[in-house]
Amino acid sequence: MSTTTGPDGPDALLGPADIRELAAALGVRPTKQKGQNFVIDANTVRRIVRTAEVRPDDVVVEVGPGLGSLTLALLEAADRVTAVEIDDVLAAALPATIEARMPARKDRFALVHSDAMLVRELPGPQPTALVANLPYNVAVPVLLHMLDRFPTIERTLVMVQAEVADRLAARPGNKVYGVPSVKANWYAEVKRAGSIGRNVFWPAPNVDSGLVSLVRRAEPVDTTATKAEVFAVVDAAFAQRRKTLRAALAGWAGSPAAAEEALVKAGISPQARGEALTVEEFARIAEAKA
């Protein structure tokens, strides 16, 4: 395996030639079906780690490490890294890559070979941060699952398709504000944290990518309703997003009149639409029905 040379001498991070060489040795061809686009630029992965504000005492969980570009940059900065990888070939190869390029940090690395959506626990100390280049087709469900399952995650930085980044970070009243925006807000303060060009990936995707920062709320949403109850209202409101809440929530409430009653009780206009409401307002509606 070749080693790229950085300004400070030999660089442990993977460059474009390393990535292609590693992929060829493993017989890996990135597939659209798995949403695989490997980051081949060392400056980009360092920028992601900086933007994520990874600290020396952080325990970082990474989802979908692929060939290990971001994993190595995270290992440079964090106390330890746990990577969750679904792909058999990539999961088998990653520990060897870490050992070859960052032998002094190999004991700080753990691999979980699994579908992230099925992960219920992680080995070692619990994660304080989540940093990941998420496959486009599963980005939102994986992000929400990890935030829900691991309440110790305080800070998250994910790289996703630009359109998904816009949706996650959208505010009420924005035309792309929807289910992902509200549900992400249940857990965290969400904002766009930059854009990533197509040329830092192999293969280059035909969409732009964006970074999204999520900082867990200091206090959970103040409500007596459960998360499941609140999310049921959110799903119903956006399933027919062009309709007024009185109409959109009729199925959820049992009838348009029952929906109106819950809305009035929550102090929300029955003529409003879901895209105008904050997560706190959705919680009030859930409470009013309960």
Next item on the list: Considering only the stretch 184-198, state which residues are part of a helix (DSSP H, G or I) and either touching a residue at least 40 places away in the same chain (Cβ under 8 Å) or open to solvent by less than 20 Å² (accessible area, probe 1.4 Å) (or both).
Entry: Ala184, Asn185, Trp186, Tyr187
Notebook entry, point to check: Between residues in the stretch 46-73 that are open to solvent by 50 Å² or more (accessible area, probe 1.4 Å) and residues that are of a type outside the set (A, V, I, L, M) and part of a loop (DSSP other than H, G, I, E, B), which pairs lie under 8 Å by C-beta distance while being six or more apart or on different chains?
Noted result: Pro56/Asp79; Asp57/Asp79; Asp57/Thr128
Next item on the list: Run Asp8 past the list (1) open to solvent by 60 Å² or more (accessible area, probe 1.4 Å); (2) modelled with pLDDT of 95 or more; (3) of a type outside the set (Lys, Arg) and report the number of the one that doesn't hold.
Entry: (2)
Checklist line | Among (1) out of contact with any Ser or Thr (no Cβ under 6 Å at 6 or more places or on another chain); (2) open to solvent by less than 30 Å² (accessible area, probe 1.4 Å) - the single one Glu163 does not satisfy | finding: (2)
Margin query: For the structure I just gave you, tell me whether Pro151 is within 30 Å of Tyr177 (Cα to Cα) and either touching a strand residue (DSSP E or B) at 6+ places or on another chain (Cβ under 8 Å) or of a type outside the set (Ser, Thr, Tyr) (or both).
Written below: yes
Notebook entry, point to check: Which of the residues belonging to the stretch 97-109 are touching a helix residue (DSSP H, G or I) at 6+ places or on another chain (Cβ under 9 Å) and of a type outside the set (Ser, Thr, Tyr)?
Noted result: Ile98, Glu99, Arg101, Met102, Arg105, Lys106, Arg108, Phe109
Notebook entry, point to check: On the given criteria, is Trp252 open to solvent by 40 Å² or more (accessible area, probe 1.4 Å), touching a helix residue (DSSP H, G or I) at 6+ places or on another chain (Cβ under 9 Å), of a type in the set (A, V, I, L, M, F, W, C) and modelled with pLDDT of 95 or more?
Noted result: yes
Check: Out of Ser213, Ser181, which single residue is surrounded by 17 or more Cβ atoms within 10 Å (Cβ to Cβ) and without any contact (Cβ under 8 Å) to a residue 24 or more places away in the chain?
Finding: Ser181
Check: Consider Ala129 against the criteria (1) surrounded by fewer than 19 Cβ atoms within 10 Å (Cβ to Cβ); (2) touching an Asp or Glu at 6+ places or on another chain (Cβ under 9 Å): it satisfies all of them except one. Which criterion is unmet?
Finding: (1)
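The values are calculated or read from the model by the stated rules, or taken from the named source; none is laboratory data. Computed from a prediction, not measured in an experiment: that's the story for all the values here. When we count neighbours, we look across all protein chains shown, and the Cβ atoms used for this are built from the backbone with ideal geometry, even at glycine. Ligands, DNA and RNA are stripped out before the accessible areas are found, and what is left, the full protein with its side chains, is counted by its heavy atoms. Shrake-Rupley method; radii C 1.70, N 1.55, O 1.52, S 1.80 Å.
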